[in-house]
1. As a test of the formula, what do you get for the chain when each DSSP H run with n ≥ 4 contributes -39,500 (n - 2.57) and the sum is divided by the residue count, at 222 nm and rounded to the nearest 500 deg cm²/dmol?
2. Take every DSSP beta bridge with both residues inside the chain and express the antiparallel ones as a percent of the total, to the nearest 5.
3. Lysine pairs in the chain 8 or more apart or on different chains: how many have alpha carbons under 25 angstrom apart?
4. Using the alpha-carbon atoms, what tilt in degrees (0 to 90, nearest 10) does helix 334-344 show relative to the longest principal axis of the chain?
5. If the viscosity is 1.567 mPa s and the temperature 4 °C, what Stokes-Einstein diffusion coefficient in µm²/s follows for the range 419-475 when Rh is the Kirkwood radius over Cα pairs?
6. Considering only DSSP beta bridges whose two residues both sit in the range 409-466, what percent are antiparallel, to the nearest 5?
7. Around P389, with a cut-off of 11 angstrom between Cβ atoms, what is the net charge of the other residues, counting Lys and Arg +1 and Asp and Glu -1?
8. So for the chain, averaging the separation of alpha carbon pairs under 8 Å that are six or more residues apart and normalising by length, what relative contact order in percent results?
Amino acid sequence: VSDTVDNRRRPWYEADPERVAFELKQFEDSCLPVAHRLGRSDGSNGTRFVIQTSLPFKGKELPIDVVYPFDFPDEAPTVYGPGGLLDRHQARGGNFCLLEDPDGDWSPGWSGAQLVHIKLRALLEDTEAGREVIAAGEADMPEPVTAHMAYKPETVVLVPSPMWAEPLAESHGDIELVDGYYDGQLVLTAAEGIGRADVALIERMTVSRSDRHRGVWVALPDPVSTLGADLLASGIEQEPALLHRLKRQLTSNRKRRFAEGWVAFTFFEEGPRRGQHRRAWVFARVRLDRNGDSSVEHLARTNALTASERARRLPELHGLGQVGALVVGAGSLGSPVVFELAKAGIGQVDVVDNDFLDANNVVRHVLGTQWAGTSKARSVAAEARARNPFGQVVGHHFRVGGDQDDSDNLDRLIDQASVVIDTTGSQTVGRILDRRCREAGRRLVIAGLTAGSYGAEVLVLRPSGPCFLCFVFAQEDGVIPSPATGPRSAVTPVNCSHPAFAGAGFDATEAGALVSRTAIQATYASTYPALDFEWAIMNFRSAPRWQSGSLGRRADCPRCGTS
Ligand SMILES: [Zn+2]
């Protein structure tokens, strides 16, 4: 292949001239003026196909650009008007929000002309008729101004409680920030007049000996514009001494040409739903030079670091913060379960395992090779804590069925758990946990993968119901089916006391998802749909894919039977 041959994909307007003709004709048929060019007249969107047209608005003819994306018509065109025309449904760049959900509401059968003739015309007519008419036609989506600000990529300030309090007792003060896990990530630790974040939370979100930064915050009256410079001017208007710290730095060091620091602005904006208002934070890196000129170097994105903001994304799982879970086994099946339980918001997750991570185990494990050689229980717990910085995840390195101390530890952990999950795949561990959970009155979920990860099974045992042996006997008799199992060669004999299973990570992950869902249902602590089985069998590569049912007491069970 000669390197003079251009193998690159051609833009739609070169590949599909018929579609170009159709687009142009649609404008003519709608009696809209039509001219086309590559790029907009202001020089932006240089290689894109642009149709220029116009619409009447408040007695004048409004210039409109329809900008067609490279992948048109799979992707919708963007329609631009003069910037700042509308205070809603128009972004800072001048593009209109014509489709509530551009990904779902656009169809490749539509034309750019239809967007202008139907959608934009309706929006402009509603605007002429007044705010209420626009509001009536809106989806229940807020338009927070912070969503449209231009942030420096890969910068974020994590803002914990109590900084989201409303109203605030003060209007300005000092702030303290610490570096997070990567360059560009900061955590707001304190704001004078508002309060200080939880120390344990900050420790989780930062590396030890993180650098600390001082800055200032100021509350702005709403509404605010979306421009950084306007934020700063408005902040100085509220608090004329806002940049005094930077000024002092210049006074104390006469060689410095400028001083830089963080200024945080807080104000109210629309959200979380349309018509509601809540506090917003924006962080600006501000520069002050010797002749007193100040400017915003860049804005950093803000993320709320609060349990309540997290919980808003899991409305069905409220209540799990008060629940404890004990996961025995932190291997290929147990490790994704620990992660999912932490993500779901379980308040306390304890993890028990006495194994160390093998570097090659990462083909199925949630941990990466950087954890090779470490205690699986402790390392999985450490990583899981980052999945929910508001919960506790604790790793315990010991063996179930060990000595007296291990046994005492196990009883203590079972006592403080609402549900116990056995992912070891060991019948011995299953029997021990079944007996202990029964005595402690705890529900037990026993789960395992078969050789080669061909299938998986999950069993839920109630303290007063049939026992693990009842299940084992029912499976041996064929009353309850067994999942498909791989050939013995699917077990790699590292040594007889330490078999390493073969099998795909995605199969372990799928089983882990089922176990996690089952464990959360077995807590009965959320509004997530209740459990509707006591055992479930999954086959990943043969039918039936799924079987489930209830478990009966066995007369021949040495633990439950009467005979
Ligand atoms: Zn039994």
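Every number here is computed from the coordinates shown, using simple stated rules; none is lab data. Because the structure is predicted, anything quoted here is derived from the model rather than measured. Here the Cβ is made from the backbone with ideal geometry for all residues, glycine too, and neighbour counts use every protein chain on show.
1. Computed ellipticity for the chain at 222 nm equals -7500 deg cm²/dmol.
2. Roughly 70 percent of the beta bridges in the chain run antiparallel, per DSSP.
3. Working: K25/K60; K25/K119; K58/K119; K60/K119; K152/K247; K247/K255; K343/K376.
Lysine pairs, 8 or more places apart or on different chains, close enough: 7.
4. Relative to the chain, helix 334-344 is tipped by roughly 50 degrees.
5. Numbers: Rh = 11.4 Å.
This corresponds to a translational diffusion coefficient of 113 µm²/s.
6. Of all bridge pairs located within the range 409-466, approximately 60 percent are antiparallel.
7. Values: positive: R204, R310, R385, R387; negative: D198, E203.
Computed value for this residue: +2.
8. Working: 1083 pairs, mean separation 44.5, N = 563.
With pairs under 8 Å counted, the relative contact order is 8 percent.
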